[in-house]
Every structure is written in structure tokens, then in C-alpha cells.
Amino acid sequence: MALQRNLIFKGYGFGIRAGALAGVQQRYSSDVHFLTKPNLSAIKKGRGGRSSFSGNVATVFGASGFIGRYVCNRLGKTGTQIIIPYRGDHYDVLRLKLVGDLGQVLFMPYNLRDEEAIRKAVKHSNVVINLVGREWETMNFSFEQVHVEGAERLARISKEMGVERFIHLSALNSNVEHEGYFTKGGSKFLKTKGLGEQAVREAFPEATILRPSDVYGQEDRFLRYYAGVWRHQGFALPLPKAGKDIWKQPVYVGDVAQGIVCIMNDPDTAGKIYEVVGPRRYELCEIVDWFHRIMRKENYTRYDMKWDITFKWRARLTEMLPSWPLNSLTRDKVEREAVSDVTTGLPTLEDLGVTLTKMEDRMEWELRPFRAGNYYDEELGEFEPPAPPKYITAN
């Protein structure tokens, strides 16, 4: 409108004809034509960092989740333009606007069942990252609808729209058969994650798949899960097999995000599967005891949960709540605790050049908010440093 008023003003003084004015208006109102396969070396701008443009345009589904926030921050640091589809309240993703420079982070509402909205979200991107997942079923979405149907839909539409790279986040142990320990038939979460991998591979054969183990960091559902009051039975903590003979290999969320950025920038990773695990393996009872030592809550006991009927009812009760389950405690979550992390020799984050973070270097910081007497100003040397857990170095 400002351009039109300017042209009309000048036309009045210099006698521009109406036909010429209409032609100028038509010229400036034409659609912008985007480059579908740009020459990245020609359009890269800046020296690198948030105030630059790397040439990559990435659509991140599930950006408002725990891992998604770290991934968007790493993408923004490399000058990637980020498109963030979101559902629900826009305030959930509002703070993600700060991960990139002005104009580099774009938002649009969508629904996982709305194929037209998905097409609009990916049509200008050369990379699509699927971080959409659900740790518990709701009235709106089941595990199958999110992990299988939703993943297939995103991969298929991305392929149709000419997206060059598709990165899909699955889960470790999704390809391993295991018997149910806490629930009959085993974990539906892990089974549907495995079926989702197959669906993505069929729709987008060049997709890169990541299988992360338990991911820890700020606002996670691993450390907070064991630190929460609702997970305990008073001063006791029910665990599968009391935590014995169950091995976990947790990975830091920053390492996962860095691995995704490395995959995006390396064309040789197309079509590969990566097992995203930490550098050390711990027995479940060892790391849980270690967590309580750090939180100064050592006055507790562990026991086998299998015959604890009250705990089973507690897990089932939280699934019936209309909002999120308390402490993310569900029967399927407890079932996944009983499954040891199994690696099969596939490439890992170290093959991508990522320097893995040790849990011992992060736990004091991560668990500090849950420490007993957190506001007590102790004297220097009043408390002994918590003994580290026993571990096995991963091969």
C-alpha cells in the first residue's frame, strides 16, 4: 500500500498513465519464487554463527520438547534458518525465537494429521528433523498414531516436496525383542518406535535414524523421574529387580543435539542408523544410589517392584489423570526401566566427531535443585563429596 500511494503521488505530478501504474502494481504483487535446490556456496552469508546464514533451512517437528529446544539452539548457533511447526499454545514455543537471529526463526501452527499444513512447513526446507514422540498415550494420540502413522506421514510428505535430508529420532532397544516385566507384552513405546523406523525407511529410504538411550539434562524425564517424590514409596524406591542386572548407558542432551547438527552437515550419513549412547554403562542400582548420594537423600531402600500391587495401581492411576501423569510415571515407563540398553555395533556419536560428556561431570549441577536442604549454607568441607558410581567403559 505504501508503494501504491507513492506511485499514485508521483503519477499525479508527472502524468503516469493508469495502465502503466497497473503494470507496476502487478510486478510488485507477484509471488516470491524460492530456490528449490540452491547453491549453498553462493547464498552463504557471514562468517558463521547466529548472525550468519549457513545455507540450510531446517523444519524441526517437535521443537518444543526437551530435546527439540537443544537442537534448535545448536542450529541457530550455526546460522541455520529454522521453521518450527507447533500445536497448542504459541507461548510454548515463544522463547525459541531467541535461538536465532532476527528473521531466522519462523513459526507456523500445524497438526500431525493435517497433511496440507505439513506440506507448507517443509516446502522451503532442505532438511526436516522429526523429534515428535510421546511417552504416554492420550485421548487424542496413541503410540501408533504418533510413532508410526505420524512419522510415516512426515517422511512421505517430505519426500514428495523434494526435501534432501530427513532425520528421524527413534529409541534405543526399539529393534530388540523383550518380554514384559511390569506389563504383559512389553513396552508399546519401544515396539511402536521400531515400527516407526520401518515406516520412515519405506517412505524416505535416505533418512538418517538415531536411536538414543535415556537422555538427561535440564528439565529431562530421566533424572527428574528418579528424583520425584511420586516415584518413591515413602523412604523406599521400587525398581525392576531392585536395579540389579539392568544396565543403562545415558547420554547428555547436548551431545544428542550436536550429533543431529553433524548429521545435517554430512551427506555421507544419509541412510544410516546411529546408536546414540553415552560413554559409560552403569548398573541401574548404581546410578540410582549415586543420584541419592548427590541429593543427600541416602536414607532410602530399594526393592523389587514386581509384586508391589500398590505401586502398580499408582502407575495406572496417573495414566487416568486428564493432564500429564504425575512425575511422568506410567506403566509403560516402568516397563522400559527393566530393559537393559543394548548396542549392536552400529555407528555412534563418536563416529560423527562428537566428544561425549561423562555423567560424573554433569550430575552435581543437574541434581542440585533436588538436593535436601538446598538453601542450607553449609561450611566448607562439611559434607563429603558423593562417591561416584561403578561403571563399565563402553566399547
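The values are calculated or read from the model by the stated rules, or taken from the named source; none is laboratory data. Keep in mind that this is a model prediction, so the values were computed, not measured. In this analysis, Cβ positions are derived from the backbone assuming ideal geometry, glycine residues included, and neighbour counts consider all displayed protein chains. Side chains are part of the model used for accessible areas, which takes the heavy atoms of the whole protein and leaves out ligands, DNA and RNA. Shrake-Rupley method; radii C 1.70, N 1.55, O 1.52, S 1.80 Å.
Would you please state the base-10 log of I(q)/I(0) at q = 0.12, 0.16, 0.17 1/Å for the stretch 49-145, with intensities from the Debye formula using one equal scatterer on every alpha carbon? Taken in order of the listed q values, log10 I(q)/I(0) reads -0.37, -0.64, -0.71. Local charge for Ile157 was computed over the other residues whose Cβ lies under 9 Å away, with Lys and Arg +1 and Asp and Glu -1, and equals +2.
Using a cutoff of 8 angstrom between alpha carbon atoms and counting only pairs six or more residues apart, the relative contact order for the stretch 194-260 works out to 38 percent. Volume per residue of the convex hull around the Cα atoms, evaluated for the stretch 321-394, comes out as 203 Å³.
Projecting the Cα atoms of Tyr252, Trp313, Val288 onto the charge dipole of the stretch 242-348 (Cβ charges, centred on the Cα centre) puts Trp313 farthest toward the positive pole.
Relative contact order of the stretch 261-388, taken over Cα pairs closer than 8 Å and 6 or more residues apart, is 44 percent. Label 7 Å along Cα→Cβ of Lys306; the stretch 235-253 residues with amide nitrogen under 12 Å? Backbone N within reach: 240-244. Look at the alpha carbon pairs under 8 Å that are at least 6 residues apart: their mean separation over the length of the chain gives a relative contact order of 14 percent. The amide H of Ile83, built 1.01 Å from its N in the peptide plane, has Ala58, Thr59, Val60, Leu106 as neighbours under 5 Å, considering only residues 5 or more places off or on other chains. Arg316 exposes around 100 Å² of accessible area when a 1.4 Å probe is run over every protein chain in place. Scalar couplings 3J(HN,Hα) for the stretch 126-133, obtained by applying the Karplus form with A = 6.51, B = -1.76, C = 1.60 to θ = phi - 60°, are 9, 9, 10, 10, 9, 10, 6, x Hz; x denotes Gly and Pro.
Placing pseudo-labels 7 Å out from each Cα toward the beta carbon at Trp230 and Glu350 gives an inter-label distance of 3.8 nm. The phi-based Karplus calculation (6.51 cos²θ - 1.76 cosθ + 1.60; θ = phi - 60°) puts the 3J(HN,Hα) values of the stretch 176-187 at 10, 6, 8, 7, x, 9, 9, 10, 6, x, x, 7 Hz, whole numbers, x for Gly and Pro. State the dimensionless ratio Rg/Rh of the chain (Rg: radius of gyration of Cα atoms; Rh: Kirkwood radius). Rounded to two decimals, Rg/Rh equals 1.07. Within the chain, DSSP assigns beta bridges of which about 15% are antiparallel (rounded to the nearest 5).
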